[in-house]
Ligand code: ADP
């Protein structure tokens, strides 16, 4: 028997299957999807079994043997193996990079090296591991480092030695437990406390944690006595990491659906029950009860004994969502998001893989949750750009969802108040089935919205960042004890430093972008590469001392608001939310302490649902309009609609104020009127005229290299290849410098290809990729091919 494997070496040269012989002793063990260890060149490397067959083309003398198998159960299901092949082809990626995107980091080849040799020497840290017991059953054990060190020379998290999978290396997560040996208790009757404790331990019918006994009043001393007398034995128990361990979830109950909700629910539910892989678009205004529909659909999936995947754009930003899912489905829910440690992610992944969790709630990568019987996949806020990975492999979660749905024969639901133009266009052509939710249940009206023209304010002598209208509205809320949410899409204190004498603006030395002033540490920071320098009040160019700061970031606005209103303010931006759990803490303070103002960047636009928020203000609605991106209007409309939806979601009516210098712009006026359809129609005209998505598909080629000349040569070559090989209906734009011409000291040039139908394109892309992989190895010049890019 032979296994065709993909080796865990991320190089294009080895981006193909290699045959290995399956040794006799492992023929019944190794399955497709297993991780194995194979000799590869001078080393042994991790590899993934993609198929198993009786014959091999490799001459008998040449074929090597698999050294060992690393998992009890394959880590990839047959479906995920097939999926990885499709994605590798579509996104022009090496298989290994896709496979290792599908799996949690802890299982990757050479996962982040946590070399614990020091710890190992001291023998202090403790490991838990799964291993084969004699009868082939999986057994979980724990060992001291020094014991483990006798088995393996180096210890790395997530690495596997022989048949041992090291799950974690934390001390506190292995806790002491005790179990009864079920002896006759009678002789203990004269030690009533011990007798009672033993009774309690026996009642558990399984090992119990000492801490749990302690909580019930049975000290360690009592247990020690029992152990000494031979009634019980102590053992190590593994306590699985549960990031939500200490969270109490508010109760949430199933609501009776409104007619609109019920229409959507019934249709999607029918697809679920009939096992149809249809895609639905649930277009519902903010607060219209989309989530309620999702919850009830997931309940049906569970009732049918099937699993559910729920994607949200960024889970840390939506603690309320997690609460609702945990409240409805309890321990059936696995939560996957970027703030979890590798170990925590692995635990959640295991819960899914072993069937202990039936629902996953998570950000983009949780689309790969290893469920075996998916009943429904839901993508909330489907228009969000976070669903497309910006690094390789640059997959889009919705595309993956459709592939998985095809395999599992289940519906996909895309939900949004502001669907992407692509999705809405598909629904208009009945490729997706669309349902509209136009009301808020409970009949809260959509908030009143208004636009303030900031040029008028300036003309009238108000040069501040707050219009008089917004200032008065905030003051009114403060007086009434109600809350305001303010959006400013720009972090930092001032945007940039400028010399009033010569106009010099300090730029990042590595990137082609100005540095942002951060007041708290008096520094200038690059938001692209994190380069930081201390502020000097002297112009680096002309030496003048006439240096000042322009533009206004969240830090600065916070200061202004404090001056004007003299109230407590919560600021939420990348700077205040870096610590794990910071989002939740800030939001719960906002809610529980009824803090008058929440000021933040776009991270406050999503998901918040607080009854006392009655005013939403957008300080500068134009920030996104000016981005050099054909989706700038769409993103502006989406952001404004989203943030407006935070006001007046409950009994109290809401009000929304957009401050802008473009009061006539349709992205702003239509967001004010909450008129998606009209926006869609207008924007589609623009896209048609300018020949952009959804009328065309796009591929973005970005070349980066140290020398501009090299970028130019490469992009010229790519341009020629495209011209020679694609049809005349294609549009090729460029070569041109990328919007940010230099990042991290590399110059960047790009070409945009727009096409409608190009069956041969895949071959052209593969050839280009192949060619530039070789060039990269020799010169370091890299080509990134982004299929269906989010930003252009
Ligand atoms: P969305 O996901 O569209 O923003 P939600 O599902 O969060 O909307 O619903 C908004 C609010 O309305 C929530 O507080 C929710 O509990 C409530 N809600 C949703 N559907 C119903 C219903 N059918 N009856 C009563 N309340 C509902």
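Observations, loosely collected:
- For segment 256-288, the set of residues classified as within 14 Å of the ligand (Cβ to nearest atom), surrounded by fewer than 23 Cβ atoms within 10 Å (Cβ to Cβ) and part of a loop (DSSP other than H, G, I, E, B) consists of 256, 257, 258, 285, listed by residue number.
- Restricting 643, 726, 703 to those that are within 16 Å of the ligand (Cβ to nearest atom), touching a residue at least 12 places away in the same chain (Cβ under 8 Å) and either touching a helix residue (DSSP H, G or I) at 6+ places or on another chain (Cβ under 8 Å) or under 28 Å from residue 438 (Cβ atoms) (or both) reduces the list to 643.
- Test: residue in segment 676-685 that is in contact (Cβ under 8 Å) with a residue 12 or more places away in the chain, within 28 Å of the chain's Cα centre (by Cα), closer than 20 Å to residue 485 by Cβ and within 16 Å of the ligand (Cβ to nearest atom): no
- Checking residue 320 against (1) surrounded by 22 or more Cβ atoms within 10 Å (Cβ to Cβ); (2) part of a helix (DSSP H, G or I), the condition it does not meet: (1)
- Subset of segment 424-471 [within 16 Å of the ligand (Cβ to nearest atom) and under 27 Å from residue 489 (Cα atoms)]: 445, 446, 447
- Of all residues in segment 594-632 being assigned to a loop (DSSP other than H, G, I, E, B), under 26 Å from the mean Cα position of the chain (by Cα) and closer than 20 Å to residue 478 by Cα, the one that is nearest to the ligand (Cβ to nearest atom): 609
- Elements of the type strands (runs of 3 or more DSSP E) sitting completely within segment 327-381 and holding at least 2 residues that are within 16 Å of the ligand (Cβ to nearest atom): these cover 374-380.
- Selection status of residue 310, within 28 Å of residue 674 (Cα to Cα) and not in a helix (DSSP H, G or I): yes
- Of all residues in segment 770-781, those satisfying the criterion of being touching a strand residue (DSSP E or B) at 6+ places or on another chain (Cβ under 9 Å) and surrounded by fewer than 16 Cβ atoms within 10 Å (Cβ to Cβ) are 771, 776, 779, 780.
- Test: residue in segment 326-348 that is over 30 Å from residue 75 (Cβ atoms) and either buried (at least 19 other Cβ atoms within 10 Å of the Cβ) or modelled with pLDDT of 95 or more (or both): no
- Residues of segment 661-672 classified as touching a strand residue (DSSP E or B) at 6+ places or on another chain (Cβ under 6 Å) and not in a helix (DSSP H, G or I), total: 1
- Of the candidates 418, 484, the single residue that is touching a helix residue (DSSP H, G or I) at 6+ places or on another chain (Cβ under 8 Å), within 16 Å of the ligand (Cβ to nearest atom) and either closer than 20 Å to residue 652 by Cβ or outside any helix (DSSP H, G or I) (or both) is 418.
- In segment 34-66, the residues that are assigned to a strand (DSSP E or B), at pLDDT 90 or above and more than 20 Å from residue 81 (Cα to Cα): 65
- Residue in segment 18-28 that is under 27 Å from residue 346 (Cα atoms) and surrounded by fewer than 19 Cβ atoms within 10 Å (Cβ to Cβ) present: yes
The values are calculated or read from the model by the stated rules, or taken from the named source; none is laboratory data. Since we're looking at a predicted model, the values are computed, not measured. Ideal geometry is used to build each Cβ from the backbone, glycine not excepted, and the neighbour counts take in all protein chains shown.
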